[in-house]
Each structure stands twice: as structure tokens, then as C-alpha cells.
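Note sheet for the following structure.
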Amino acid sequence: MRIKTQDYNDVTVVKLQGDLDSDLSEKLENTLSDLIASGRSGVVLDMGDVGFIDSEGLEHLLWARDYCSENHCQFRLACLVDNCQKILELTRLENEFDRYGELAQAVKSVA
């Protein structure tokens, strides 16, 4: 799993590449903790290159959502591929996240 970040004013896009699983956990938590500590008003996870989410990956998405909320930072998911959308639906988590089909829409929704 690779993580890249790009800032758009007070919003940071975190592009994830690979599977969202246990290999990502510490890296994602550290990245988000640093971003939120720096005063970002929003974080958008670009999920366009994520092909699979396991149970630990789902836990980290929920942690990220809650951590952002606790620190007054908006959290969005963008560009979910069909497989990942189905995983959220099967686990009944599809309504737990603000999801956007386009990255630009997600970034704009935070502003």
C-alpha cells in the first residue's frame, strides 16, 4: 500500500494505492494524525486505486472518520471502485461515510 498526499488550500487529498488492509494501518494513522495536527479543515481519501478493503481496513476507515470528527476536520471518501462500494454495502457501512464519485466534488464539498 502506498500513500501520497496533496494539499488544496485547507483540504488534503490522501491517495491510497493497493489494498486497504493491515499493512496500511500504522502508516494511515500516522499520516492522518499529522495532517489533522497541522490544522487541516478536511481530508479526502482518494480510493480510486484501492481494489479491496478487509475488516481491519474498515476499522481504520471508521477510526479516521471518528478521529477527524473529534478534531473538527471533515472526512470524505472519493472515487470508490465497485468492489469497495460493495464491501461497504455488505457490511452496512455505506451510510457511515460521505462518499463522492469524483475527487473534485469531494474536495469542493469540504470548502
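Laboratory data are not the source of any read-out in this text; all were calculated from the coordinates shown. Keep in mind it's a predicted model, so treat the numbers as computed, not measured. Because the Cβ atoms are built from the backbone with ideal geometry, glycine has one as well, and the counts that use them run over all protein chains shown.
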Worksheet item: Picking from Arg92, Arg65, which residue would you name as being over 14 Å from the mean Cα position of the chain (by Cα) and of a type in the set (Lys, Arg)?
Response: Arg92
Item to complete: Identify the residue in the stretch 71-111 that is of a type in the set (A, V, I, L, M, F, W, C) and touching a Ser or Thr at 6+ places or on another chain (Cβ under 9 Å) and, among all such residues, is nearest to Phe52 (Cα to Cα).
Response: Phe75
